[in-house]
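Heads up: the structure comes next, in structure tokens.
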Amino acid sequence: MLTRHLTSGIFLPLTRAMSTKVAVVLSGCGVYDGTEVHEASAVLTHLSRRGATVSMFAPDKPQMHVIDHTAGSEMPESRNVLKESARIARGKIAALDQLKEEEFDALVIPGGFGAAKNLSNFAVKGPDMTVDEGLSEQVKAFRGKDKPIGLCCIAPVIAAKLIPGVEVTVGHDKDEGGKWPYAGTAEAIEKMGGKHVVTEVTQAHVDTNNKVVTTAAFMCETALHEINDGIGQMISKVLDLVN
């Protein structure tokens, strides 16, 4: 099926003309101080498979700190969140303050400790956290226009802080012998006024009232393909919610 481009008169495939536009917000590059790279890759792969048009953004500011990923220790240097995120985006990225909600149909935020250190300070403050001002404005703008928001791994704490009564998941609320090492996050979500829903890592939870979709991802110690499957569920449900 074809549709005519309104200004040029050129016929384009209907699927291309109606491609869903998704803004993806990154928080650096690397699980311990930025975006979890596997999660970002899974998000982008599943968005691509569904034919979405993706634009990536990140705050243009210093990271909370820099972690040596071979040792898990802090390094005596400073890095910029936007510049580090550009590694994942292959250079095709813009500062978060350039994101215009009206140009997009959905918002997706992958996890990694960057979501708890650079997009918020949950890693330090727990339920008393604050969210990066620019991201807070964007989340509220998308929610205000009833546009879907997807978050995975630790990132659902951002929704719990900003959207009163929101339902989210970070997987299980018990450690279960180390399988769910960050299970205590569920309690923090409840303290912030959110509702935590227990799910398996291959599942995604949909808060239909708030159009918020979440999945546990690397909150669970499990096989990579199961994390990928859960993120696929999240992306599928986010896109299904686009009007």
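The values are calculated or read from the model by the stated rules, or taken from the named source; none is laboratory data. These numbers were taken from a predicted model, which means no experiment stands behind them. Quick reminder, even Gly has a Cβ in these numbers, built from the backbone with ideal geometry, and neighbours come from all protein chains shown. Side chains are part of the model used for accessible areas, which takes the heavy atoms of the whole protein and leaves out ligands, DNA and RNA. Shrake-Rupley method; radii C 1.70, N 1.55, O 1.52, S 1.80 Å.
Kindly provide the set of residues from region 150-196 that are in contact (Cβ under 8 Å) with a residue 60 or more places away in the chain and under 13 Å from the mean Cα position of the chain (by Cα), ordered by number.
Of everything in region 150-196, those that are in contact (Cβ under 8 Å) with a residue 60 or more places away in the chain and under 13 Å from the mean Cα position of the chain (by Cα) turn out to be GLY150, LEU151, CYS152, CYS153, ILE154.
Among the residues of region 33-62, which ones are surrounded by 24 or more Cβ atoms within 10 Å (Cβ to Cβ) and of a type in the set (S, T, N, Q)?
THR35
When region 16-27 is examined, which residues are found to be at pLDDT 95 or above and in a loop (DSSP other than H, G, I, E, B)?
Those that are at pLDDT 95 or above and in a loop (DSSP other than H, G, I, E, B): THR20, LEU26, SER27.
Scan region 161-178 and give yes if some residue there is in contact with a Cys (Cβ under 6 Å, 6 or more places away or on another chain) and hydrophobic (A, V, I, L, M, F, W, C), otherwise no.
The answer is no, given that none of the residues of region 161-178 is in contact with a Cys (Cβ under 6 Å, 6 or more places away or on another chain) and hydrophobic (A, V, I, L, M, F, W, C).
Would you kindly identify the helices (runs of 4 or more DSSP H) lying entirely within region 66-137 that contain at least 1 residues that are more than 22 Å from HIS46 (Cα to Cα) and open to solvent by 50 Å² or more (accessible area, probe 1.4 Å)?
Qualifying helices (runs of 4 or more DSSP H): 81-88, 122-125.
Could you pull out the residue among GLY111, GLY91, GLY72, GLY51 that is closer than 20 Å to VAL213 by Cα and without any contact (Cβ under 8 Å) to a residue 60 or more places away in the chain?
Result of the check over GLY111, GLY91, GLY72, GLY51: GLY51.
Residue under question is GLY30, and the condition is that it be assigned to a loop (DSSP other than H, G, I, E, B), surrounded by 14 or more Cβ atoms within 10 Å (Cβ to Cβ), at pLDDT 95 or above and not hydroxyl-bearing (Ser, Thr, Tyr); does it hold?
yes
Condition first: touching a strand residue (DSSP E or B) at 6+ places or on another chain (Cβ under 6 Å), within 22 Å of LYS147 (Cα to Cα) and of a type outside the set (D, E, K, R). Now tell me which residues in region 195-228 satisfy that.
Answer for region 195-228, where residues must be touching a strand residue (DSSP E or B) at 6+ places or on another chain (Cβ under 6 Å), within 22 Å of LYS147 (Cα to Cα) and of a type outside the set (D, E, K, R): VAL197, ALA204, HIS205, VAL206, VAL212, VAL213, THR214, THR215.
Restricting to region 33-65, give me the number of residues that are over 17 Å from ALA106 (Cβ atoms) and part of a helix (DSSP H, G or I).
3
Just for region 151-191: of the residues that are basic (Lys, Arg) and farther than 22 Å from ASP132 by Cβ, which one is surrounded by the fewest Cβ atoms within 10 Å (Cβ to Cβ)?
Looking at residues that are basic (Lys, Arg) and farther than 22 Å from ASP132 by Cβ, I get LYS174.
Which condition does LYS147 not pass, out of (1) touching a residue at least 60 places away in the same chain (Cβ under 8 Å); (2) open to solvent by 10 Å² or more (accessible area, probe 1.4 Å); (3) in contact with a Lys or Arg (Cβ under 9 Å, 6 or more places away or on another chain); (4) not in a loop (DSSP other than H, G, I, E, B), if it passes all the others?
Every listed condition holds for LYS147 apart from (4).
Would it be correct to say that GLN203 is of a type in the set (S, T, N, Q), touching a helix residue (DSSP H, G or I) at 6+ places or on another chain (Cβ under 8 Å) and open to solvent by 10 Å² or more (accessible area, probe 1.4 Å)?
yes
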